[in-house]
1. Below 8 Å between Cα atoms, with a sequence gap of 6+, how large is the relative contact order for the chain in percent?
2. Please enumerate, by chain and number, the aspartates and glutamates with C-alpha under 17 Å from the C-alpha of residue 68, excluding those fewer than 8 residues away in the same chain.
3. Once you have the alpha carbon radius of gyration of the stretch 184-332, what is it after dividing by 2.2 N^0.38 Å, with N set to its residue count?
4. Please rank 135, 257, fewest neighbouring Cβ atoms within 10 Å first, as an exposure proxy.
5. Got a sec? How would 31, 127 order by Cβ neighbour count within 10 Å, fewest to most?
6. Taking amide H atoms as placed 1.01 Å from N in the peptide plane, list the residues 5 or more away in sequence, or in a different chain, whose amide H sits under 5 Å from that of residue 70.
7. Using the Kirkwood radius over C-alpha pairs as Rh, can you work out the diffusion coefficient of the stretch 170-271 via Stokes-Einstein at 4 °C, viscosity 1.567 mPa s, in µm² per second?
8. With a 10 Å Cβ neighbour count serving as the proxy for reagent exposure, in which order, fewest first, do 328, 301 appear?
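Since every read-out is calculated from the coordinates, none of them should be taken as a lab result. Everything quoted here is computed from the prediction, not taken from an experiment. We place every Cβ from the backbone using ideal geometry, glycine too, and count neighbours over all the protein chains shown.
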Amino acid sequence: MRHPALFALLFFLCAAASAETVLKCPVLTPKTRTLKISRMEPLRRGKKWLDGSPRSVNTVSCDLYGMKTEEAEYDGKTLVLRNSYVYKEKDEARALCDKLKSEEKLTTTFSDEAQSSLDDFCRKYRKKDFGVVQVYDASPSQGRETARKPVRQIFRLYARNGFVSEEHAFDPFMNLESVTLYSYDKANNLTEMIVNDPEGRQLKRETYTWNKATSSRTESVYDQNNELHKKTIYEMREDGTLRRKVISAYDSGEQPVTRNEIYCDAKGRPEKELAYDADAAEPKYEYDYAYKYDPKGNWIEERRARVIVYNGNRLQDTQYAPEITRREFLYY
């Protein structure tokens, strides 16, 4: 049976929540069963900053193929959301459409006007190879799991290369929310992703390009007006680890607003960051990164601290709270 993870896209980037659902877990070695990420609220004591308590917490559970099975978000200790994911492929996916068709026959008042967008999808693609991801609200307030209905269903069509070519997302009432289109080059590298609204109007577009001569990859994000909003350039070493990442943000006129240059250590982890305003020659701020690791070699604490450069010396800015992120792993 085709498992969705085997044909997942190379890159699932965070996007507008209403337009996309990120299904893939972070890629880590060894494989991770659960990952908990806590962003701390540091407390100042004199000139020192203590870790404080978690400001926000995100947890994710993953299957052996690296796909999400559940995720939760907390504001402090307050649960904000909890979703679970169920993946169905081929026969199971088509059975959902067959069930929908059976339910239509039982509705005596059924008419063309009453047909949902999901009805249209099932009729149009009933002979295609597709899968579906059902997203459930797993909050305790929703009662028994067996009685729940999906809050979102993502039907995924596959291209000849086996990768996802289209994603049609439907709301709880089976109305179309968005359609995401994916394009690939001859080597099956993802080159473009377009998110459209139900009427076919662009909500977002991302492009992915590779430059072998410079060993770099560029990801560009465009808004609904097809104006450049953000560009990220990844510069790689010969061994494939990340050497430098440059993130540029643009205003509505595609003029540069900020630029962040992040320099990485030999393992591709951020080590130093320079933050610029627009096209300024000198950085406005500089940051240093520090880590703690678990026995598997994955970092369990990251501290991003602003520094002051004085007479060639880099000193931590004690007036500015460091950004502290903690990770907890449960491995397979």
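1. 13 percent
2. 20, 89, 137, 167, 328
3. 1.25
4. Fewest-to-most ranking of 135, 257: 257, 135.
5. 127, 31
6. Amide H to amide H, under 5 Å and 5 or more residues apart or across chains, residue 70 pairs with 61, 85.
7. The Stokes-Einstein estimate is 84 µm²/s.
8. Ordered by Cβ neighbours within 10 Å, fewest first: 328, 301.
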